[in-house]
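The values are calculated or read from the model by the stated rules, or taken from the named source; none is laboratory data. Owing to the predicted nature of the structure, the values given are computational and were not obtained by experimental measurement. When we count neighbours, we look across all protein chains shown, and the Cβ atoms used for this are built from the backbone with ideal geometry, even at glycine. Side chains included, ligands, DNA and RNA excluded: accessible areas come from the protein's heavy atoms. Shrake-Rupley method; radii C 1.70, N 1.55, O 1.52, S 1.80 Å.
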Amino acid sequence: MRCLGHAIVLVLLCIKQTAASSGSYDATVCNQKTYTSRSGNLIYVPNAWNPDGQGFQCMSVRDSPPAFDATWQWPSAADTVHSYPHVKLTAPVLPVTLSNISAMHLTSKWSMGVGSTPAPRLSVDTKGLADLDVTANVAFDMFADRSAEKSVKETMAETEIMIWLGRFGHAQPLGWNENRPRISLTLGNVEFTLYYGKNQRGTNVFSWVATENALSLSAEVSPLLQYLWREGLVSAGSFVGVVAFGSEAFRSVGDVTFSATDFDMVLDTGAAPTLPPEELPKSKSGSARATPDARGSWTWLVLNMSIIGSVGAVLL
């Protein structure tokens, strides 16, 4: 009985230590499982859709305030995305056509470091990540299709639109190495450059990539979407059905933890507020700046029309 008593004590201690080690997490999900917040407004998805046999990924979630920490390790195939741990941002108006988005305000803060302990808020362990040969990005990810039904299914949607806030190692968007004119738009103090191409599934992927890592974002991003449909790269009638924020994980020879907080989306519908192309002033820089006017609407102030004309249409 004395031994049994000790065994019971040890079990209780183990239970207490496990609870303490989980901190204030409300759930931990791995592989392809998901977790829906108690409010029902956020869906957390580890999305280890292409795992290698030697790696793993798990995602720990806090309901209030909303946050998650995703720890992963994929030691092989640096040129392949193995997972995309992310949170889906919901809105009652989704799916909504691109031409009916009057404003989309996205916010997020993130950090990335080595090991299973989250890095300090708004920080990146650059040397540690390089030592582990980490290849990854940090990005908002949207899916769109001319069919509303297909737009809410990532594997069926014909168009993917990404907004990269971070890039590590050898992570490169589709079209990175193609020799074509580049378009850049500046939102606030973050400059984004557009790259695009088709993935293996045949999806048209458009990636707006920040020229430098942006550890926080609070911006009205509809100009990035408007450029695509106003220039015929994506159909104006395409429905946006999925909006998510997370990190595409390619490779790491050791544990990496990506942390995300303060993510949100405010989506307004109505006529897209911008000037028609013929009224936009031209420049030689090939860049455009989007700034709010006195009414809070967005206007493109600088745009190189000769470069736009050479881009051509990808999807009509």
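Worth a mention:
- Segment 209-232, residues that are assigned to a loop (DSSP other than H, G, I, E, B) and surrounded by fewer than 20 Cβ atoms within 10 Å (Cβ to Cβ): Thr211, Glu212, Asn213, Leu215, Glu231, Gly232
- For segment 255-268, a residue qualifies if it is open to solvent by 10 Å² or more (accessible area, probe 1.4 Å) and either closer than 17 Å to Ala171 by Cα or not in a strand (DSSP E or B) (or both), and exactly one does: Asp255.
- Positions within segment 233-254 being closer than 30 Å to Gly115 by Cα and assigned to a strand (DSSP E or B), in sequence order: Val243, Ala244, Phe245, Gly246, Ala249, Phe250, Arg251
- Failed item, numbered, when Arg201 is tested on (1) of a type outside the set (A, V, I, L, M); (2) closer than 17 Å to Arg180 by Cβ; (3) open to solvent by 10 Å² or more (accessible area, probe 1.4 Å); (4) in contact with a Ser or Thr (Cβ under 8 Å, 6 or more places away or on another chain): (2)
- Residue tally, condition in contact with a His (Cβ under 9 Å, 6 or more places away or on another chain), farther than 18 Å from Ala171 by Cα and open to solvent by 20 Å² or more (accessible area, probe 1.4 Å), over segment 48-87: 1
- Members of segment 119-175 that are of a type in the set (Phe, Trp, Tyr) and in contact with a helix residue (DSSP H, G or I) (Cβ under 7 Å, 6 or more places away or on another chain): Phe143, Phe168
- All positions within segment 126-183 that are basic (Lys, Arg) and part of a strand (DSSP E or B): Arg167
- Test result for Gln17, open to solvent by 30 Å² or more (accessible area, probe 1.4 Å), over 24 Å from Glu154 (Cβ atoms) and at pLDDT below 95: yes
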